[in-house]
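In what follows, a structure is listed as structure tokens, so that the remarks can point back to it.
The values are calculated or read from the model by the stated rules, or taken from the named source; none is laboratory data. Nothing here was measured: the structure is a model prediction, and the numbers come from that model. A quick note on method: Cβ atoms are made from the backbone with ideal geometry, for glycine too, and the neighbour counts reach across all protein chains shown.
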Amino acid sequence: MIYLFLSIATSSSIFLLFRVFKEWGAHTLQAIVINYLVAASLGWFLAGGFTTFQDAWGSAWLTTAIVVGALFIYLFHLIAKSTQTLGVTVTSIAAKLSMVIPVAVFLIFDDNDEPALLKMAAIAIAIPAVVLSSWKQEAPGIKRSWAIPLIIFTGGGIIDLMFGWFSGPEHMTRLEFRYLFATIPFTIAFFIGLVWLMLNRSKKDSAGPSSLKATIIGGVCLGIVNFGSLYFLLEAYDKLTLDRSAIMPITNLGVVLASSLFAVIVFREELNRSNLLGLSLGALSIGLLLLEGML
């Protein structure tokens, strides 16, 4: 269970770091590229270097990790664009509801995943919990479009599914492979992000002047927690006795609850009635999923 809590804690820390980037004066895109470099470097060191990559060559999960790396940076771009043009609410709901895809696939195709009544009720509660806890009143003039949110929903769901599907001991036969599985996406995302950064270096930063020191510190911190969030999630899939269809809702809802707590305590945000109801439903859903796993 400790890995599940660590995954939630590190994923929530990513949210906290993004929130303080502006206050620090960090250049967001540069910090994200540095983050991928730090996460990849940490992963290669723990995995044992290129020798482990050679040992894993030809494995289905290795190809999957490469595809995920390309999706990482692409989805980040879409999430940023969607937030600016469609608003935070639509974007946040699309990203968080993506858990529906891996949950559905595990329930249908995983022979070890039982669609127990208590778990199905918890998953049903999780959907309105995500929507209500993420709901914010948008400013007038926000555009309405479902194309980009649909891509975010699908892409995020595919990423979660890929990591969940290949996380078992039948694929991760060595500890080094688990480190490598978390490392490859960050490596691919770094190189794509570096090219993207170079192509955009001539464009004026709309966020204003940035601090190199803050950008580097922010990127390093983000890289450490980013790698940790993915690695601890893979460990949770492998070590927990919970069904895989239950782990993703618990993780997503846990991040929602922890992030909201951060927002209230650190940033003095106010929650509306819908948010409070959503968080209450989220806590109930997590409780039911954990209870079902103990029965």
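A few points about this structure:
- A search for C-beta distances below 8 Å between a residue of region 1-25 that is buried (at least 20 other Cβ atoms within 10 Å of the Cβ) and any residue that is not polar (S, T, N, Q) and not in a helix (DSSP H, G or I), counting only pairs 6+ apart in sequence or on different chains, returns Leu4/Leu240.
- Annotation note: Cβ proximity below 8 Å between a residue of region 119-130 that is crowded, with 24+ Cβ neighbours inside 10 Å and a residue that is among the basic types (Lys, Arg) (sequence gap 6+ or interchain) occurs for Val130/Lys96.
- Residue in region 46-58 that is out of contact with any Cys (no Cβ under 8 Å at 6 or more places or on another chain), closer than 21 Å to Ile159 by Cα and at pLDDT below 85 present: yes
So that you can scan it fast, the table gives a plain yes or no per residue for (1) of a type in the set (S, T, N, Q); (2) farther than 20 Å from Lys96 by Cβ:
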{"site": "Phe232", "(1), (2)": "no, no"}
{"site": "Asp238", "(1), (2)": "no, yes"}
{"site": "Asn252", "(1), (2)": "yes, no"}
{"site": "Glu292", "(1), (2)": "no, yes"}
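- Test: residue in region 184-191 that is modelled with pLDDT of 85 or more, of a type outside the set (Lys, Arg) and surrounded by fewer than 18 Cβ atoms within 10 Å (Cβ to Cβ): yes
- Neighbours by Cβ (under 9 Å, 6+ apart or cross-chain): first from region 249-263, surrounded by 21 or more Cβ atoms within 10 Å (Cβ to Cβ); second outside any helix (DSSP H, G or I): Ile250/Leu242; Ser260/Glu269; Ser260/Leu271
- Neighbours by Cβ (under 7 Å, 6+ apart or cross-chain): first from region 264-281, over 13 Å from Leu253 (Cα atoms); second of a type in the set (A, V, I, L, M, F, W, C) and outside any helix (DSSP H, G or I): Val264/Leu271; Ser274/Trp135
- Of all residue pairs spaced 6 or more apart or on separate chains, those with beta-carbon atoms under 8 Å, a first member in region 170-197 that is part of a loop (DSSP other than H, G, I, E, B) and a second member that is surrounded by 16 or more Cβ atoms within 10 Å (Cβ to Cβ) and among the aliphatic types (A, V, I, L, M) are Met172/Leu234.
- Sole exception among (1) surrounded by fewer than 16 Cβ atoms within 10 Å (Cβ to Cβ); (2) modelled with pLDDT under 85; (3) under 23 Å from the mean Cα position of the chain (by Cα) for Asn200, by number: (3)
- Considering each residue of region 31-44 in turn, at least one proves to be under 14 Å from Thr183 (Cβ atoms) and either over 20 Å from the mean Cα position of the chain (by Cα) or among the charged types (D, E, K, R) (or both).
- Count of residues meeting criterion [more than 16 Å from Gly157 (Cβ to Cβ) and either in contact with an Asp or Glu (Cβ under 7 Å, 6 or more places away or on another chain) or acidic (Asp, Glu) (or both)] in region 247-265: 1
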